[in-house]
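Comments concern the structure below.
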Amino acid sequence: MGSAAAAHLAARGAEVVAVEQFEPGHDRGSSHGESRIIRQAYFEDPAYVPLVLRSYELWEDLEREDPGLFLLTGGLFLGRPETDAVSGSLASAREHGLPHQVLDAGEIRRRFPAFAPRDDEVGVYEERSGFVRPERAVLAHWRRARAAGAELVTARALSWTAGDDGVRVETSAGTVEGDRLVVTPGAWAPTMLADLGLPLVVSRQAVFWFRPTDPAAYALGAQPVFVWERPGLSPYGFPCLDEDGGVKIGLHHRGAVTDPDEVDRVVTAADVAEVADLVRPLLPTLPGTYLRAITCLYTTTPDHDFVIGLHPHHRNVAIACGFSGHGFKFVPVVGEVLADLALDGTTARPIGLFDLTRFG
Ligand SMILES: Cc1cc2nc3c(=O)[nH]c(=O)nc-3n(C[C@H](O)[C@H](O)[C@H](O)COP(=O)(O)OP(=O)(O)OC[C@H]3O[C@@H](n4cnc5c(N)ncnc54)[C@H](O)[C@@H]3O)c2cc1C
């Protein structure tokens with residue numbers, strides 16, 4: 001979110017200084033690990049759809065500089081008809097006239113043999129779903145920001161203050177001053193935005209790569225990206241994107257609460273066995289050979305909606321955090337919105353759902 005904000009601000013002629021504690025594209029926050037699902041029939045709330053449509057336009061624009069940055073593979077959102085994954089996807093698709101198909105369990109098994117749905121499960125198939133490459137997206141935004149004159153300071157921001165005369169950020173490498181501040185700290189939001197008392201929960205989320213026993217079913221072109229909702233278990237995954245035949249799988253919102261500076265990055269054999277056992281009934285040939293795993297961080301709000309807006313006490317400070325494990329597809333449009341807020345004090349994009357003051 002920070003790299004995109006820097007790119008949009010610099011493109012509008014602002015003098016930008018970005019403060020980042022690690023190297024751009026690093027693997028210690030929330031924006032790494034090969035792939036992120038992008039989709040339009042947004043099951044969380046139809047109010048996200050205009051934003052995701054704008055994001056797609058901006059992804060297409062960014063992709064001209066980095067072909068392959070994102071790819072539309074089709075997406076399948078599965079569950080019983082009353083689950084959010086199914087009923088929410090349908091509600092968004094219908095409200096916004098998005099192309100989609102509803103597949104029953106038999107059609108799912110025929111078209112996409114990787115899946116073993118129960119007879120009472122259905123899927124909403126969306127052709128314009130796919131994935132984006134998160135590290136490349138961050139780097140592409142940084143390149144744009146720097147080409148437009150932005151400066152990158154590699155340092156830890158320790159604190160910030162804002163007043164009528166401007167903003168100050170104290171960092172481990174000195175003080176940065178400016179007219180306005182954009183704060184996008186990801187999992188570090190509870191400390192960098194402590195004054196707001198936002199009810200954010202930071203959690204460790206592991207993702208796993210397996211080589212399935214039927215690689216053809218998982219081939220790019222055959223297998224869509226997917227989210228599958230079962231009570232207490234929501235696996236999501238991708239087609240095979242790796243030369244070593246690895247297929248990535250994760251379980252949405254199934255991680256332990258953590259501190260971003262003290263994350264346990266070790267994924268144990270017991271963790272691997274657990275995820276293999278949980279997904280085997282749904283994806284019987286996926287847990288073939290275990291290849292590797294990584295950890296990533298979610299920063300989750302109570303309603304799973306984002307937090308985006310101007311600071312209630314400092315109109316020269318714009319904030320974006322609490323992306324609750326589903327923010328990446330919005331990175332370019334959030335960058336654009338943050339540039340609007342920082343430079344114009346307002347945005348024409350619909351961000352009412354993300355009001356900072358909604359938690360009381
Ligand atoms: C396993 C996993 C799977 C996901 N899958 C999807 C998906 O399929 N689709 C989707 O749309 N979303 C997905 N997401 C969510 C999405 O990736 C996140 O919402 C998004 O990356 C959040 O971006 P961010 O900029 O807020 O956080 P980050 O990318 O973590 O950026 C915050 C940055 O701020 C820096 N920072 C923080 N504090 C300081 C400080 N004091 N000083 C200096 N620098 C600081 C950090 O180092 C970091 O670089 C997934 C997330 C995970 C973890």
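The values are calculated or read from the model by the stated rules, or taken from the named source; none is laboratory data. Here the structure is a predicted model, which means the values were calculated and not measured. Here the Cβ is made from the backbone with ideal geometry for all residues, glycine too, and neighbour counts use every protein chain on show. In case anyone asks, the SASA skips ligands and DNA or RNA and just uses the protein heavy atoms, side chains included. Shrake-Rupley method; radii C 1.70, N 1.55, O 1.52, S 1.80 Å.
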Original post:
What tally of residues in the range 305-318 results from selecting those that are within 11 Å of the ligand (Cβ to nearest atom) and under 14 Å from Gly2 (Cβ atoms)?
Top reply: 1
Original post:
Are there any strands (runs of 3 or more DSSP E) wholly within the range 34-136 with 2 or more residues that are over 30 Å from Ala11 (Cβ atoms), and if so which?
Top reply: 75-79, 101-104, 122-126
Original post:
Looking only at the range 6-22, which residues are more than 9 Å from the ligand (Cβ to nearest atom) and either outside the structural domain of Pro332 (by TED's automatic domain parsing) or open to solvent by 40 Å² or more (accessible area, probe 1.4 Å) (or both)?
Top reply: Ala11, Arg12, Gly13, Glu15, Val17
Original post:
Failed condition for Ala276, given (1) outside any strand (DSSP E or B); (2) closer than 28 Å to Val183 by Cβ, with all others met?
Top reply: (2)
Original post:
Can you find a residue in the range 319-330 that is in a helix (DSSP H, G or I), aromatic (Phe, Trp, Tyr), in contact (Cβ under 8 Å) with a residue 60 or more places away in the chain and within 30 Å of Ser35 (Cβ to Cβ)?
Top reply: yes
Original post:
How about the range 339-354: which of its residues are part of a loop (DSSP other than H, G, I, E, B), in contact (Cβ under 8 Å) with a residue 12 or more places away in the chain and exposed (fewer than 14 other Cβ atoms within 10 Å of the Cβ)?
Top reply: Gly345
**OP:** Could you grab me the full set of residues in the range 134-146 that are over 21 Å from Val176 (Cβ atoms), in contact with a helix residue (DSSP H, G or I) (Cβ under 9 Å, 6 or more places away or on another chain) and open to solvent by 30 Å² or more (accessible area, probe 1.4 Å)?
**Re:** Leu139, Arg143
Subject >> Residue satisfying condition, being among the charged types (D, E, K, R), away from the ligand (no atom under 15 Å from the Cβ), surrounded by fewer than 16 Cβ atoms within 10 Å (Cβ to Cβ) and modelled with pLDDT of 95 or more, within set Glu107, Glu121 >> reply: Glu107
**OP:** Could you tell me whether Asp45 is over 18 Å from the mean Cα position of the chain (by Cα) and of a type outside the set (Lys, Arg)?
**Re:** no
Original post:
Out of all the residues in the range 196-205, is one or more within 16 Å of the ligand (Cβ to nearest atom) and touching an Asp or Glu at 6+ places or on another chain (Cβ under 9 Å)?
Top reply: yes
**OP:** Scan the range 304-350 for residues that are under 20 Å from Phe43 (Cα atoms) and among the small types (Gly, Ala, Ser) and report the count.
**Re:** 4
Subject >> Filter result (in contact with a Leu (Cβ under 9 Å, 6 or more places away or on another chain) and either assigned to a strand (DSSP E or B) or open to solvent by less than 30 Å² (accessible area, probe 1.4 Å) (or both)) within the range 244-257 >> reply: Gly245, Gly246, Val247, Lys248, Ile249, Leu251
Original post:
Can you tell me which of Glu60, Glu23 is out of contact with any helix residue (DSSP H, G or I) (no Cβ under 8 Å at 6 or more places or on another chain) and in contact (Cβ under 8 Å) with a residue 60 or more places away in the chain?
Top reply: Glu23
**OP:** Among the candidates Thr285, Thr295, single out the residue that is open to solvent by less than 20 Å² (accessible area, probe 1.4 Å), of a type in the set (Ser, Thr, Tyr) and closer than 30 Å to Phe112 by Cβ.
**Re:** Thr295
Subject >> Members of the range 183-194 found to be over 15 Å from Gly327 (Cα atoms) and either near the ligand (Cβ under 8 Å from one of its atoms) or surrounded by fewer than 21 Cβ atoms within 10 Å (Cβ to Cβ) (or both), listed by number >> reply: Trp188, Pro190, Thr191, Met192, Ala194
**OP:** Mind listing whichever residues of the range 195-224 are among the small types (Gly, Ala, Ser), out of contact with any Lys or Arg (no Cβ under 9 Å at 6 or more places or on another chain), surrounded by 14 or more Cβ atoms within 10 Å (Cβ to Cβ) and farther than 29 Å from Arg111 by Cα?
**Re:** none
